[in-house]
Amino acid sequence: MGKDVIIACDFKNSIETLNFLDKFTDEKPFLKIGMELFFAEGPSIVREIKRRGHKIFLDLKLHDIPNTVKSAMASLSKLDVDMCNLHASGTITMMEAAIEGLTREDGTRPILIAVTQLTSTSEERMRSDILIERPIDEVVMHYAQNAKVAGLDGVVCSPLEAGKVKEACGKDFLTVTPGVRFADGDVGDQVRVTTPAKAKEIGSDYIVVGRPITKAEDPVAAYRRCVEEFVG
Ligand code: C5P
């Protein structure tokens, strides 16, 4: 599986998204579509972007009873997305059901990755709100291992955790990592960040990059710089 840069298309609607994509004439970047855009535009935006030849990571973070997740994943599989995700806290049973739903008749399926603990969740909140007493690193690694047991392909994590995830789950277990910034760029609201070059060194398989590309004066140049640093 090749390393790649995924652009986070955190746009409000299809007009903004397609205007942004029109800037790319020579390349077809891998794109992440999140809840904001998907809930605003529905599956038609996925179809339109696929029609234009891009790969899509549909970031909807499913979490429900196994049967519902299985059916929902079957719908996403028909949409022909290339990557999708769920919350590992839904249990191994839910993750196994997701794989079942996602797998097409010919045995192919989109890449499925798990969210462990959201980076917005602190250890303190885990303890007080959801009664998880263990250290957050242990919880993240345990959830990653559960995802591996259930047959998932990898996890979303900080580039700074990618090395540890590979140690715990094997080098072929994918790490998809947001929180990437250029060395000379704006950090914005991200706290623990790495450069594309550093993410490559640590062993991320895919980096998810939003604002450093979408808000750049020249998004195509920023994308190329990311690819140059990360893929080489
Ligand atoms: O603009 P920026 O590069 O910060 O965008 C990163 C993308 O990755 C956003 O879509 C954000 O929601 C997502 N993400 C993240 N941190 C996580 C999980 C997802 O930044 N832990």
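Using a probe radius of 1.4 angstrom, the carbon and sulfur fraction of the accessible surface of segment 4-230 is 50%. Using a Gaussian network model of the chain in which every pair of alpha carbons under 10 angstrom is joined by a spring, one finds that among Ala74, Ala114, Ala216 the greatest mean-square fluctuation is at Ala216.
When the pairs Lys3/Lys148; Lys3/Lys198; Lys50/Lys148 are compared against a 23 Å limit on Cα-Cα distance, Lys50/Lys148 fall above it. Working note: Karplus 6.51/-1.76/1.60 with θ = phi - 60° gives segment 27-42 the couplings 10, 10, x, 5, 10, 9, 10, x, 4, 4, 6, 5, 6, 7, 10, x Hz, where Gly and Pro are set to x. When the chain is treated as a GNM with alpha-carbon contacts under 10 Å, the residue of Gly188, Gly210, Gly154 showing the greatest mean-square fluctuation is Gly188. Within the listed set Ile136, Ile213, Ile33, the Gaussian network model of the chain (springs between alpha-carbon atoms below 10 Å) gives the highest mean-square fluctuation for Ile136.
So what is the calculated 222 nm ellipticity per residue for the chain, using -39500 (n - 2.57) for each DSSP H run with n of 4 or more, over all residues, to the nearest 500 deg cm²/dmol?
Mean residue ellipticity, 222 nm, calculated: -13000 deg cm²/dmol.
For trypsin sites (Lys or Arg not before Pro), the sites in segment 1-84 that DSSP calls loop and that have at most 11 other Cβ atoms within 10 Å are Lys12, Lys23. For the chain, the solvent-accessible area of protein heavy atoms averages 50 Å² per residue (probe radius 1.4 Å; ligands and nucleic acids excluded).
For segment 4-230, the dipole from Cβ point charges (+1 on Lys and Arg, -1 on Asp and Glu) about the Cα centre works out to 260 debye, to the nearest 20. Based on alpha-carbon centroids, what's the gap between segment 167-227 and segment 1-80 in Å, whole number please? What the calculation gives is 18 Å, centre to centre.
Rounded, prolate or oblate: pick one for the chain, where a ≥ b ≥ c are the square roots of the eigenvalues of its C-alpha gyration tensor, a/c under 1.5 means rounded, and failing that, prolate if a/b is larger than b/c, else oblate. Oblate. Sparse packing (at most 15 other Cβ atoms within 10 Å of the Cβ) combined with a DSSP loop state is found for the following trypsin sites (Lys or Arg not before Pro) in segment 199-232: Lys215. For segment 87-145, the square roots of the Cα gyration tensor eigenvalues, ordered a ≥ b ≥ c, give a/c of at least 1.5 with a/b greater than b/c, which places it in the prolate category.
The values are calculated or read from the model by the stated rules, or taken from the named source; none is laboratory data. Given the structure is predicted, the values throughout are model-derived calculations rather than measurements. We place every Cβ from the backbone using ideal geometry, glycine too, and count neighbours over all the protein chains shown. The area values use the complete protein model at the heavy-atom level, side chains included, leaving out ligands, DNA and RNA. Shrake-Rupley method; radii C 1.70, N 1.55, O 1.52, S 1.80 Å.
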